[in-house]
Amino acid sequence: MSEEILLTREGYDKIVAEHEELVAVKRKEVAERIKEALSYGDISENAEYDAAKNEQAELEERIHKLENMMRKAKIIEESETKSDIVSVGTKVKVKDMASGNEMDFIIVGSTEADPFEGKISNESLVGAALLNKRIEEVAEIAVPDGIVNYKIVSIG
């Protein structure tokens, strides 16, 4: 059986919006480019035709991937997450015990992960170590540079 994909409501909505854009707008644009390239005549040496067909193949592959993600999606609603324990969909503030620096993370499914926005995957070293922790607990995380200890400051 296929594995479900964990997504927040925001992540799912982004996938749906991208899918709608690709199907409603991009497909038509690519079809027009193919039609225009065909009007140039011989397609055996037609670079515009080849480029448009390649773009069409990439577009259809992305649409298929998005449809697959929507089918397998398990949406984690914010209202369903517990406010006293770290889980997928929760915001968590941690304190690096060595440096004293505080960081904010949102634990998300791997498809939504974006470290630059503070969204870390539940499957990453840090995300997995933080899961099921409560406020004041310390997560010991083995990272390539050694061991990092993050104390949970707040959840939610």
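Values in this text are rule-based calculations from the coordinates and carry no lab data. Everything quoted here is computed from the prediction, not taken from an experiment. With ideal geometry, Cβ positions are generated from the backbone for all residues, glycine too; neighbour counts draw on all protein chains shown.
Below 9 angstrom from the Cβ of Val148, what's the summed charge of the other residues (Lys, Arg +1; Asp, Glu -1)? Walk me through the intermediate numbers first.
Numbers: positive: none; negative: Asp96, Glu140, Asp145.
Within the 9 Å Cβ shell, the charges total -3.
Bridges between two residues of the chain, per DSSP, are antiparallel at a rate of about 70%.
Could you work out the helix-only [θ] at 222 nm for the chain, with each DSSP H run of four or more residues adding -39,500 (n - 2.57) and the total divided by the number of residues, to the nearest 500 deg cm²/dmol?
Numbers: 4 runs with 57 residues, N = 156.
Rounded to the nearest 500, it is -12000 deg cm²/dmol.
Ordering 126-137, 66-77 by mean Cβ neighbour count within 10 Å, with the highest value first, yields 126-137, 66-77.
Counting Lys and Arg as +1 and Asp and Glu as -1 over every other residue whose Cβ lies under 10 Å from the Cβ of His19, the net charge comes to -1. Measuring against 18 Å, Cα to Cα, the residue pairs Lys95/Lys119; Lys65/Lys119; Lys72/Lys93; Lys91/Lys151; Lys14/Lys93; Lys14/Lys53 contain Lys65/Lys119; Lys72/Lys93; Lys14/Lys93; Lys14/Lys53 as the ones spanning a longer distance. Report the FRET efficiency, 1/(1 + (r/R0)^6), for Asp104 and Glu60, where r is their Cβ-Cβ distance and R0 is 41 Å, rounded to 0.05. E between Asp104 and Glu60, to the nearest 0.05, is 0.60.
Take the Cα of Arg27, go 7 Å toward its beta carbon, and the backbone nitrogen atoms of the stretch 62-78 under 15 Å from that spot belong to 62-68. Near Arg33, once Lys and Arg are set to +1 and Asp and Glu to -1 for all other residues with Cβ below 15 Å from its Cβ, the sum equals -3. So I have (i) 16.1; (ii) 18.3; (iii) 15.0, and one of them is Kirkwood radius over Cα pairs in Å calculated from this model. Which one is it? Of the labelled values, this structure produces (ii).
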